[in-house]
Amino acid sequence: MEKETKPEQLDTSALKQKVVNAIKLVYDPEIPVDVYELGLIYEITVYPVNNVYIMMTLTSPNCPAAESIPAEVKERVKEIEGINNVEVELTFDPPYSQDMMSEVAKLELGFL
């Protein structure tokens, strides 16, 4: 008797790493560093049914790319095989500061 096949459930931690890698392909058009290293991603949650929730911010509420960056993050993550749904929420609490940047970003931008 064969087992009933279900949609493939990916390992949550492996899937989260794929989400991070996809987000690292998104750059702020004015800064040569990806949005993950800039510290714009506050939360990534992968649910058991391969749905992904991302809470992020922008460098400024008046950012000229305010619509394009979250949309690109969503599209990049949706391209991952096995992902069902992606929700990207934009927040400005806490407000973004340069302290949120990774060491990689600070080095790239000459802050170190």
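Just so you know, all these numbers are worked out from the coordinates, no wet-lab data involved. No experiment lies behind these values; they were computed from the predicted model shown. Cβ atoms come from the backbone with ideal geometry, glycine included; neighbour counts cover every protein chain shown.
List of remarks:
- Nearest-ten-degree value, helix 12-23 long axis tilted from longest Cα axis of the chain: 40
- Theoretical gain in end-to-end length, Asn85 to Leu25 [0.36 nm per residue, Cα-Cα removed]: 19.7 nm
- Degrees between helix 68-78 axis and first principal axis of the chain (Cα, 0 to 90, nearest 10): 20
- For Rg and Dmax of the Cα atoms in Å, the candidate list reads [x] 13.2, 41; [y] 13.8, 46; [z] 15.8, 62; the entry that matches the value derived from this model is [z].
- Candidates per chymotrypsin sites (Phe, Trp or Tyr not before Pro) in the stretch 43-112, loop by DSSP, up to 16 other Cβ within 10 Å: Phe92, Phe111
- Amide H contacts under 5 Å for Asn51, placed H, 5+ residues apart: Asn84, Asn85
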